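> Before I ask anything, here is the structure I am working with.
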Amino acid sequence: MLRTFIRISPSSLRLTRPIRRCAQRSYATSYISPSSRYETYHGGQIKTYYNSTLTGLSPAENEFREAVWEFSARVVQPKVAAIEREGGDTETHEYKTLVEVHKEMAEMGLHGVTVPTEDLTSSLGLGLSYTHHLLAMEAISYSSASLALSYGAHSNLCVNQLSRWGSDEQRAQWIPGLLDGTYIGALAMSETGAGSDVLGSMRTVAKKVDDGYVLNGNKFWITNGPKADVFIVYARDVVEPGAKQTFTTFLVPRTTPGFSTGKPLDKFGMRGSPTCELIFEDVFLPSTAVLGDPASLQGKGAKVLMSGLDLERLVLSGGPLGIMQAAYDTAVEYVHQREQFGVPVATIGSMQAKLADMYTKVNTARTFVYAVARAVDGHNAEAQIQGLGPKDKGYTYPPFQRRDCAAAIMYATDKAIEVAMECMQCLGGNGYINDYPAARYLADARLYAVGAGTQEVRRWLIGREVNSDFE
């Protein structure tokens, strides 16, 4: 049946206006028979053994989840091969299909999940929670982890930070185009010599001059770099000898003189996601390019950066969740169709053990990540009641948010890599050839062990936070 996508509030589902069209979707069916639990989307384009009984999602959240899974089946799934092929073409790197789907995601409202609906910025903001954003990331990752990584960099790393920290003028200038698919956004933090020690080793510098700043330096491994129209860039301030080192966050349009990008990087996984180096050569930026109010946020880049890392870790946790669900679904279908010794492979004891382990890993990881998302949303809701946002004095972060967000992506990543490995093993020889998606699952899952922070740094951060309880 033809449905109109509706604006969803975290607490209820209500029709406010027909702002999205979600074409021809078949509702998910969780219980097909007493012995089988699975959901189907878009006439069977996706068949998944996602266990909705353990998620604790509200009816509104589940409705949103199903809408995005339907989009993933209808729009993304048929274009996965093209996204991977175009991203892996070292000669052209056109990313044509990825850009097309980016615009279709805008029509669904997916770029503004956490952006408030404001006349000042754009009516395309849905004003929903980080749980909703996580659900969208998971559903897109199920079909194409490459597309989802690009989506996460755009909608969370760029759009969400701009929405939280940008000035009224900056939000009015950029958010409408970022939400309606006109623009693609990116965030630039890492450098070749500044990965885990991103602030201590940062070499991109911002020198204060009359009426603005001059940026020089390089950023590396920047998702969406080859295609982005605007970048949120962190730079080290030039300070007087002996003075405290500070950092500032800037909005840099692609068309800024002196700014350029390097050749797209040829990656092991996430091949459909555009990634490259950014180059700043005497890039002049007016004072209005400082993210937020220059009077209050010049030199506060470390605060802006750290405030976004927790939310980045949380939302990007949907990537490993989607990948491992896809890997599990691929494996469980294959071993029930494949026969050896005259019986389905799934009935062999050693294979049953693999399925049991995979099932448990998928569902424990998802349950934990969703719980962290609910905790973060609960704190944000309390802050909103008090009229507080990240720029306001008195705004605080919950005591366990940093460790929990790090733990969410760390645990989900570990389990995604393990489930992807077992998927390859379940498929035997077919798991090792590219006619099947098992190898892609593993290569894509590996990104999250080093992207958005390494697993080692996440463990260090969690341990440090735990030890702080005893200080």
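> With every protein chain left in place, what is the accessible area per residue of region 277-410 in square angstrom, probe 1.4 Å? Provide the component values of the computation, followed by the final result.
On the way: 5720 Å² over 134 residues.
It amounts to 43 Å² per residue over region 277-410.
> Another one. Could you give the dipole magnitude of the chain about its Cα centre, charging the beta-carbon of Lys and Arg +1 and that of Asp and Glu -1, in debye to the nearest 20?
Numbers: 46 positive and 50 negative charges, 106 e Å.
Computed charge dipole of the chain: roughly 500 debye.
> Given labels modelled 7 Å from the Cα in the Cβ direction, how far is it in nm from V450 to T255?
Using points 7 Å along Cα→Cβ, the separation is 3.6 nm.
> Could you work out the relative contact order of the chain? I mean the mean sequence separation of Cα pairs under 8 Å and 6+ apart, divided by the number of residues, in percent.
14 percent
> Still on this structure, please answer the following. Considering amide H positions built from the backbone, and no H for Pro or chain starts, which residues 5 or more places from Q245, or on another chain, come under 5 Å of its amide H?
Result for Q245 returns nothing.
> For region 36-147, what is the per residue volume of the convex hull drawn over the alpha-carbon atoms, in cubic angstrom? Don't skip to the end; give the middle numbers.
Values: hull volume 12.7 nm³, N = 112.
For region 36-147, the hull spanned by Cα atoms encloses 114 Å³ per residue.
> Once both axes come from the Cα atoms, what is the angle between helix 301-316 and the longest principal axis of the chain, in degrees from 0 to 90, rounded to 10?
10 degrees
> Using Cα centres only, tell me the gap between region 129-178 and region 76-111 in whole Å.
16 Å
> A follow-up question, please. If you compute Rg/Rh (Cα atoms, Kirkwood Rh) for the structure shown, which of (1) 0.97; (2) 0.94; (3) 1.03 do you land on?
After the calculation, the listed value that fits is (1).
> Hey, how many Å between the Cα centroid of region 180-215 and the Cα centroid of region 219-286?
Going from one Cα centre to the other spans 5 Å.
> Enumerate by residue number the trypsin sites (Lys or Arg not before Pro) in region 375-435 meeting two conditions: DSSP loop (anything except H, G, I, E, B), and at most 16 other Cβ atoms within 10 Å of the site's Cβ. Walk me through the numbers on the way to the answer.
Numbers: sites: K391, K393, R402, R403, K415; in loops: K391, K393.
Sites meeting the loop and neighbour criteria: K393.
> Hey, another quick one. Between rounded, prolate and oblate, where does region 118-196 land on the alpha carbon gyration tensor, with a ≥ b ≥ c its root eigenvalues, rounded for a/c under 1.5, else prolate if a/b exceeds b/c?
Because a/c hits 1.5 or more and a/b fails to exceed b/c, region 118-196 counts as oblate.
> In addition: Per the Kirkwood treatment, what hydrodynamic radius in Å, one decimal, follows for region 330-420 from the mean inverse distance over all distinct Cα pairs?
Result for region 330-420, one decimal place: 16.1 Å.
> By its C-alpha gyration tensor, with a ≥ b ≥ c as the square roots of the eigenvalues, how is region 162-213 shaped: rounded for a/c under 1.5, else prolate for a/b larger than b/c, else oblate?
Since a/c reaches 1.5 but b/c is at least a/b, the shape of region 162-213 is classed as oblate.
> About its Cα centre, what dipole magnitude does region 218-337 give when the only charges are +1 on Lys and Arg Cβ and -1 on Asp and Glu Cβ, stated in debye to the nearest 20?
Working: 11 positive and 12 negative charges, 20 e Å.
For region 218-337, the charge dipole is close to 100 debye.
> Then there's this: In whole Hz, what ³J(HN,Hα) sequence does region 126-143 give by Karplus (6.51, -1.76, 1.60; θ = phi - 60°), x for Gly and Pro?
Result, rounded to whole Hz: 8, x, 9, 9, 5, 4, 4, 4, 4, 4, 5, 4, 5, 5, 5, 4, 4, 8.
> Given a 1.4 Å probe and every protein chain left where it sits, what share in percent of the accessible area of the chain is carbon and sulfur?
Its accessible area is 53 percent carbon and sulfur atoms.
> Straight-line reach from K219: which lysines fall under 28 Å, measuring Cα to Cα and dropping same-chain residues less than 8 apart?
The reachable lysines, counting only those whose Cα sits under 28 Å from K219, are K96, K103, K207, K208, K227, K244, K263, K267, K300, K303, K391.
> How big is the charge dipole of region 369-471 about its Cα centre, in debye rounded to the nearest 20, if each Lys and Arg gets +1 on its Cβ and each Asp and Glu gets -1 on its Cβ?
Using Cβ point charges on Lys, Arg, Asp and Glu, region 369-471 gives about 220 debye.
The values are calculated or read from the model by the stated rules, or taken from the named source; none is laboratory data. Here the structure is a predicted model, which means the values were calculated and not measured. Using ideal geometry, Cβ is built from the backbone for each residue, glycine included, and neighbour counts are taken over all protein chains shown. For accessibility, only protein heavy atoms count, side chains too; no ligands or nucleic acids. Shrake-Rupley method; radii C 1.70, N 1.55, O 1.52, S 1.80 Å.
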